Amino acid sequence: MPSRSRSVLARGAPVLRTAPVLAVLVCHDGAEWLRQALSALRHSSPRPRHVLAVDTGSTDGTAALLAAAAAGPDQVVDGVITLDRTTGFAAAVHAAVDHAVDRWGDPGGWIWLLHDDSAPDQDCLATLLLTAEVSPSAGVLGPLVVDWQDPRLVVEAGLSTDAAGHRQTGVGPSEPDWVRLGRGDRGLEQSTEVLAVSSAGMLVRRSVWAALGGFDRDLGLFGEDVDLGWRANLAGHVVLCVPRARIRHARAVTTRRRRVDVAVPRLGGTPRALARGHGLRTFLVNCTTFSFLVGVPRLTALCLLRALGFAMQRRLAESRAELRAVAYLLGGGAGLRAARADRVRRGARSGSVRGLFTSRATRLRNAVRGAVSTMVRRRVVADAALGRLPSDYDPAAVWLPPEAVPRPPVSPDALPAGAGGRPKRAGLRRPDNAIAVPLVLAEPPPTGLAPSPGPRPSPVRRDGSTPEPPREALLVRVDRARVLRQIALAPPLVLFLGLVALALVVNSARLGLDLAGGRLAPVGSLEQVWAEYLATWHGVSGGTAAPAPTALAVLGVLGAVLAPVGGPAAVVAVLLLADLPLAGLSAYIATRRAPVRRWVRALLALGYALLPPAASAVAQGRLDAVVVHILLPLVASGIAALIGRGRVGEGAWLSTTAGTALGLAAIGAFSPLTHLTLVVMALGGFVLVPGGGSRRGAALFLLVLMPLALLLPWPAVVIQHPGVVLHGIGAVTDSPAASLVDLVSLNAGGPGAWSYVGFGVLVAVAAGIAFGARRSVLPGLGFALLGAVTVVLVRLVPATPLSGGPPVAAWAGVPLLIVGWGLVWALLGASRTGRTPVRLPAVFAGAAALGVLVVGVIIPGRQGPLDDSGGEQLATTLTAELANTNRSVLILSDRQPRQVTGRAPLFGDDDLAPTPSSSPRLAALDRELRSDSPDRVQSAVQRAAATGVLFVVVPQADAQRFQDRAGTLVADAPRTSTGAAVFRLLPRSGSAYLLSPDAAHLALTGATPTSDAAVPVAAAPPQVAVKVSDGAEGRLLVITAEEEPGWEATIDGRPVAVVRAWGSSVAVAIPTRAAEVRIEQPTTLRGLLLLIQAAVVLFALLTAIPARGRGQDSPSITPGSSPR
């Protein structure tokens, strides 16, 4: 330390009225903050020798305020310079410094830069000057920047940048100012050598300013402070952050409270683009030559990848900023070569910036800590909203009243550590392990007599604005033990892990990926699922051009994610085996808007996950009910939020609508009945709940129409076959009987659940409503009533399954799930946090109900036809032969007969609408093949072979009788995996074949086929192209596909009529001459509908991504970054 400084410290700090400082106050439409900024300058001790204000074309009251401050006995400003509105901050400061030199010659040895939205503390300048006096090597100094509204929160403590040009600061989210709180031992009081300091309050030696050329004029806004600090460090000067000096900063630009009028060619004028482009330019013009040569392509690729990532997250402003930054760099707008040449011309580099940058490890650490701090902050705010404060359970939590805290004294004894010479610390400090959470606590209602009337201050200011209520700040620790404990004991995690353990116990006998049984047919591979969904024609039930169910598309999309572990089969296994934890987590998330404690929500979610219909659905392989069980809470809560009043913010309603529509479409793909019920709920809520404006109408419009577009073209099948609404998706099985008592106890019948178990849910709900009756239970009870009406509809209205057969009553499990969620919803409303204490009888009833539900899931849930054996499978050789020949297999069982072409039956086959002729034909074949008459059996074998059947699967009990009556027309084949007999049909046939005139006559008249009349050709539906030679008149080309509208045939390019062979197959009469015959199903309409569906899916996915809030518009999204 110099001897002069020692003498200064020995004598004590001199009391100065003015200091040799030129203060430059840059203003731009800042009248809202300028009055306080001028007041802070007026009370500064010492005051700057000269104060120049620069007004860059302000259109508000800034000019008047500056004129008043420049005149009168209490003059603060020595002069006002008016510049063009498009003048940037750097150019404005240069103009002020040049004007001061021209006017006063020597305006002072220091330049102090201020913004019109910044207000320094009274001792800010004195602290900076004193620190500079005892640290002669310091060329640039900056104060600690605190929040404008709440000075207890730190905004910046020095600046740095990383290798990607992001602005970085050493302050964590919501970090308190410990020195103001009398806790100087927390480390924020030490001066630190940094790369740069903020231009708001920056104190720079005028000699250093002149040597460096001041701010880079090409950086009109954003980045000029980091650039100057970088160049100062390279020139051998020290840049210090002095936390004892403080300045309040409103950050008006980045909080969207001030318009930006500075535009840069190829970069634009948005804060994000300016900050991003100037950050990249600052790095590239100041780094080494090697870093520059590597950095240009590296940063270009990085910006393009970030732009793509932001676009996928629907953060379009950030995406445009990245693209504009690339155009700014590569288009010549940044002037990189000229700027680098200017820095070389100004002198050799005698200093270093080693240790002053933010490394990747630091960025990762800050990102992790920022995420953890956000989690803790949200938890504190949520608990406070429920009346439970961290001070009740965390002794280390400290309350900070909103009153001002006394400032620390300014004297040589109060200098920060490290002020005497070069600081020992370099680089940004690490964020502290505590955060401040601002809270606005509701005052308790007044008690006693009402106060006497008298004058009271108005809650509204004269300008019409309402003052923000004072906020209390709560200091909460963010340490490893606290975070780990909070995560480990978090109700959703405990709920999820507990249900995972319970699911493992219940499904221990069926843990595998090849699940099948009950209503679940074997699930195909990823290629098979997508091929079946995209195909125009399906080889099921003799062939049909009906659209495939959208459930295949859902499994295909999710299966692509799980392709490495099994594809769609893995998706089905996860949905069925993990139904308990997924449904419980879904119910917990769906109740996040309710003012209910987390453990209460977790217990209600547990009760919903354990509903008896859900356990039965898993045991019976009912994938449609399982999907409803998982998605119903989320979709119902989304609809309630959109239809209710004030439940969704203005900026979030579109994403909520799109996300809800996606969930509603996913439910509709598996259970049209639930889809219809939720639509009725939305319409009813729209009518019964008043208010909401046009936004509710738009949300309802999208909720009704968008799922239909997402399901295209499946809704056409639902309209033509209403039975699928009640039966849902899955193989056709006999619906188990359920008595009235079973239905009242939420048991739909069948294995997987016990009767009377659901009465526990009813008792718990009744007790909860009885002891906590309020209007908030009405929506849940209304939804439960809607589900009860659906139960009655399902049980009283028999419906014909999509694959055919007599009308039967559908399974009532899905409507009972709707009833169950309605009851849980009502109990949630009765459990809202309020003044009514929780009654012990309600607690005991809930605990007993949960215990009964757990027992009712563990024991009966292990039963049922679902297993991991993969279902009935054909031998590998037979499957390969079917694929090679495009022939079909006919399966006879106690259900409707199945005919599948080219493969074994898979999930989704029973949900393809057959042609009108298919079901009677298959029923006749089933009846004839089971006949006791050999003639009838052999005739049926001939007919089956003529329609493309190669193998017939017969139950083991009927195998010998069938073989004896079929005689030489069949031969043995390897049995199925379940032991069923398989027979090969020996009559000659194929997927397409030619018939002689005599055989063609038999085919057209519907007579019995002969064994050797068919001549197979190498072709298969739905696209058949055959070249025939000259022959006799009356020949017929037959393809083994059911005749239905849409088939088109041409001979040498000329359309010809399609006729029926054997009563149902597609056939075309062949001419006597050689010709080319084509038979096909058109694909144009199907392709167009799939394109529309894909476009709507893409729109819904992008729209469902929540947009970033419009609060603070930070110029960089990087954790640890700070707005200017």
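The values are calculated or read from the model by the stated rules, or taken from the named source; none is laboratory data. Not measured: the values here are computed from a predicted model. Positions of Cβ are backbone-derived with ideal geometry, glycine not excepted, and every protein chain shown enters the neighbour counts.
Data for the structure
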read-out	value
Cβ-Cβ under 7 Å pairs, at least 6 apart or on other chains, region 199-225 side farther than 21 Å from A245 by Cα and in the same structural domain as R276 (by TED's automatic domain parsing), far side outside any helix (DSSP H, G or I) and polar (S, T, N, Q)	E224/S199
Residues within region 299-324 that are under 19 Å from the mean Cα position of the chain (by Cα) and basic (K, R), tallied	3
Scan of region 746-781 for residues that are crowded, with 22+ Cβ neighbours inside 10 Å and of a type in the set (S, T, N, Q), ordered by number	N747
Criterion: more than 34 Å from the chain's Cα centre (by Cα) and assigned to a helix (DSSP H, G or I) - qualifying residue of A788, A770, A738	A770
In region 29-45, the residues that are buried (at least 22 other Cβ atoms within 10 Å of the Cβ), more than 18 Å from A245 (Cβ to Cβ) and small (G, A, S)	G30
Those residues of region 255-287 which are within 17 Å of A327 (Cβ to Cβ) and either outside any helix (DSSP H, G or I) or not assigned by TED's automatic domain parsing to the domain that holds L195 (or both), in sequence order	A263, V264, P265, R266, L267, G268, G269, T270
Any hit, region 969-980, residues being touching a strand residue (DSSP E or B) at 6+ places or on another chain (Cβ under 7 Å), among the β-branched types (V, I, T) and assigned by TED's automatic domain parsing to the domain that holds R930	yes
Residue tally, condition closer than 16 Å to W104 by Cβ and out of contact with any Leu (no Cβ under 7 Å at 6 or more places or on another chain), over region 53-93	2
Output for region 678-721, where each listed residue is more than 16 Å from T550 (Cα to Cα) and not in a helix (DSSP H, G or I)	V689, P690, G691, G692
Which listed residue is closer than 23 Å to P722 by Cα and touching a residue at least 40 places away in the same chain (Cβ under 8 Å), from A812, A830, A767	A812
Residue tally, condition over 17 Å from R921 (Cβ atoms) and either buried (at least 17 other Cβ atoms within 10 Å of the Cβ) or at pLDDT 95 or above (or both), over region 1051-1084	12
Lone qualifier among A338, A361, A367, A334 - being in a helix (DSSP H, G or I) and either in contact (Cβ under 8 Å) with a residue 12 or more places away in the chain or aromatic (F, W, Y) (or both)	A367
When residues of region 888-935 are limited to those that are touching a Gly at 6+ places or on another chain (Cβ under 9 Å), among the basic types (K, R) and closer than 28 Å to A553 by Cβ, the one surrounded by the fewest Cβ atoms within 10 Å (Cβ to Cβ)	R895
Pairs with Cβ under 7 Å, 6+ apart, first in region 591-602 and assigned to a loop (DSSP other than H, G, I, E, B), second of a type outside the set (K, R) and surrounded by fewer than 18 Cβ atoms within 10 Å (Cβ to Cβ)	P595/A385; P595/L386; P595/T833; V596/T833; R597/L386; R597/T833
Filter result (over 15 Å from P20 (Cβ atoms) and either touching a Leu at 6+ places or on another chain (Cβ under 9 Å) or surrounded by 20 or more Cβ atoms within 10 Å (Cβ to Cβ) (or both)) within region 199-220	S199, A200, G201, M202, L212, G214, F215, D216, D218, L219, G220
Wholly within region 51-143, helices (runs of 4 or more DSSP H) carrying at least 3 residues that are under 51 Å from the mean Cα position of the chain (by Cα) and outside the structural domain of V226 (by TED's automatic domain parsing)	62-69, 89-104
So T901, is it at pLDDT 90 or above and more than 30 Å from V725 (Cβ to Cβ)	no
Flag if V1028 is within 20 Å of S918 (Cα to Cα), touching a strand residue (DSSP E or B) at 6+ places or on another chain (Cβ under 8 Å), surrounded by 12 or more Cβ atoms within 10 Å (Cβ to Cβ) and not small (G, A, S)	no
Number of the condition not met by C241 [criteria: (1) under 21 Å from A92 (Cα atoms); (2) assigned to a strand (DSSP E or B); (3) not hydroxyl-bearing (S, T, Y)]	(1)
Any strands (runs of 3 or more DSSP E) falling wholly within region 954-1017 and containing at least 1 residues that are out of contact with any Lys or Arg (no Cβ under 8 Å at 6 or more places or on another chain) and surrounded by 19 or more Cβ atoms within 10 Å (Cβ to Cβ)	981-985, 992-995
Conditions (1) modelled with pLDDT of 90 or more; (2) in a helix (DSSP H, G or I); number of the one not met by G851	(1)
Matching residues, region 1009-1052, being out of contact with any helix residue (DSSP H, G or I) (no Cβ under 7 Å at 6 or more places or on another chain), touching a residue at least 40 places away in the same chain (Cβ under 8 Å) and among the charged types (D, E, K, R)	K1027, D1030, E1043, E1044
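Okay, residues lined up against (1) of a type outside the set (D, E, K, R); (2) buried (at least 24 other Cβ atoms within 10 Å of the Cβ); (3) modelled with pLDDT under 90; (4) under 25 Å from L534 (Cα atoms):
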site	(1), (2), (3), (4)
L664	yes, yes, no, yes
P690	yes, no, yes, no
S694	yes, no, yes, no
A699	yes, yes, yes, no
A709	yes, no, no, yes
